[in-house]
Amino acid sequence: MNTKILMTSSSFFLAIIGITLSFLPNEIIDYLNVESNVITILFVKILSALYLGFGILNWMAKGTLIGGIYNKPIAFGNLMHFGVGAVALVKVASNIQTHSEIIISLSIIYVIFAILFVYIFKTNPIKTEK
């Protein structure tokens, strides 16, 4: 599998979420009908930093061999993020009443990335000729 495409697409996905959370925390909090105070805005901004950090990690690792014993921490970190996120989103998607379109679309994306990172984690990479 060409991990460069996976790492690039996941970095763009994570960066878009991180930038959105960073520049529009009040609007997102209001849209989701969450009480807006200093602590919730702080948590949203810290969450944006996490997404941006993971996005830049994936962007910088896109040209390296990933899988098997190569870059195992990067593969496992992504697997944990997308795997745990997918489980949490799927659990919420079955019970949510409002904003279900956001949760369902995020669930689909997270499940796809989780499956791809499981595949990467379990297989050995093949170096491609440039």
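The values are calculated or read from the model by the stated rules, or taken from the named source; none is laboratory data. This one's a predicted model, so the numbers in the text were calculated from it and none came from an experiment. For neighbour counting, all protein chains shown are included, and Cβ atoms are generated from backbone atoms with ideal geometry for every residue, glycine included.
Quick look at the numbers
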| read-out | value |
| --- | --- |
| Hits in the stretch 46-80 - residues which are of a type outside the set (A, V, I, L, M) and either closer than 18 Å to PHE12 by Cα or touching a strand residue (DSSP E or B) at 6+ places or on another chain (Cβ under 6 Å) (or both) | SER48, TYR51, GLY53, PHE54, GLY55, ASN58, TRP59, LYS62, GLY63, THR64, GLY77, ASN78 |
| Whichever residue in the stretch 56-86 is at pLDDT below 95 and among the β-branched types (Val, Ile, Thr) and, among such residues, is nearest to VAL111 (Cα to Cα) | ILE74 |
| Which listed residue, of ASN33, ASN26, ASN37, is at pLDDT below 90 and of a type outside the set (D, E, K, R) | ASN33 |
| Filter pass, LEU42 being under 23 Å from PHE23 (Cβ atoms), surrounded by 14 or more Cβ atoms within 10 Å (Cβ to Cβ) and either in contact with a helix residue (DSSP H, G or I) (Cβ under 9 Å, 6 or more places away or on another chain) or free of Cβ contacts under 8 Å to residues at least 60 places away in the same chain (or both) | no |
| Flag if ALA61 is more than 16 Å from the chain's Cα centre (by Cα) and without any contact (Cβ under 8 Å) to a residue 60 or more places away in the chain | no |
